[in-house]
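Below is one structure; the comments refer to it alone.
The values are calculated or read from the model by the stated rules, or taken from the named source; none is laboratory data. Values in this document were obtained by computation on a predicted structure and should not be read as measured data. When we count neighbours, we look across all protein chains shown, and the Cβ atoms used for this are built from the backbone with ideal geometry, even at glycine. Areas reflect the complete protein model, heavy atoms only, side chains present, ligands, DNA and RNA absent. Shrake-Rupley method; radii C 1.70, N 1.55, O 1.52, S 1.80 Å.
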Amino acid sequence: SPTFDVYSPLTSHIWYCHHGLAVTVRLADDQNVTRCFCPPNFYGDHCEYENERVSITLRVHPVTRQGVQVFLISLIGVDQHGEEELHSHHQESYVLHNSCGKTFKFFLLYRSRPKNLSQHYYIRVDAFNRTGLIYLASWRFPISFSFLPVNLINAMIRVPAEPVAPPTSCGLKCAHGH
């Protein structure tokens with residue numbers, strides 16, 4: 001059975017895995033092989049390539065100051081036929097108290113490398129009250145420059161105390177969700 005040793009920072013292999021963690025694997029025939037554990041936003045044998053992703057900074061301002069809110073943040077691609085595909089998602093829980101808000105920072109990865117440039121992408125934020133999982137509201141943030149490898153989304157949302165009902169009629173004509 002293989003054994004694993006993590007390199008200490010004092011060894012000569014500190015830069016072997018550019019953005020990752022170098023690990024020595026001792027194989028059955030007493031041969032040592034160095035492998036890299038890469039963080040999600042990098043890939044490659046030596047963690048040398050950046051994954052295409054959306055980096056999100058989300059500032060939340062709740063109307064009410066009590067309870068627990070859950071936020072589901074999704075990266076969604078829409079193809080030329082209007083079909084939506086979930087690429088990745090992230091969930092945050094926020095315990096409300098007497099504060100002005102909370103800032104969350106995270107990133108979402110595209111499902112494939114390279115991402116499909118024929119698709120349109122957007123970030124969807126859904127807010128729920130954790131008590132009873134009551135839907136509160138949703139926000140949609142389009143990714144305007146999807147040809148860039150890393151997109152930055154900075155958003156501030158005001159979370160309502162009561163659920164927001166979707167409009168029963170809308171005078172706007174939409175094409176492909178835009």
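Could you sort Val68, Val54, Val164 by accessible area so the largest value comes first, with the probe set to 1.4 Å? Walk me through the intermediate numbers first.
Numbers: Val68 40, Val54 0, Val164 75 Å².
Largest accessible area first, the residues go Val164, Val68, Val54.
What ranking of Phe104, Phe141 comes out by heavy-atom accessible area, probe 1.4 Å, highest first? All intermediate terms of the calculation are to be shown ahead of the outcome.
Working: Phe104 10, Phe141 50 Å².
Reading off the accessible areas and sorting them downward yields Phe141, Phe104.
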What does the charge add up to near Gly20, with Lys and Arg as +1, Asp and Glu as -1, over the other residues with Cβ less than 14 Å from its Cβ?
-> -2
Given R₀ = 41 Å, FRET efficiency for Thr131-Glu83 by Cβ-Cβ distance, to 0.05?
-> 0.75
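Taking 0.36 nm per residue of separation and subtracting the Cα-Cα distance, what length does fully extending Leu152 through Ser138 add? Don't jump to the answer; show the numbers that get you there.
On the way: separation 14, 0.36 × 14 = 5.04 nm, distance 1.94 nm.
So the chain would gain 3.1 nm between Leu152 and Ser138.
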Please check which bits of region 122-142 a label hung off Val164 would reach, taking the label as a point 7 Å along Cα-to-C-beta and the cut-off as backbone N under 20 Å.
-> 122-131, 133-142
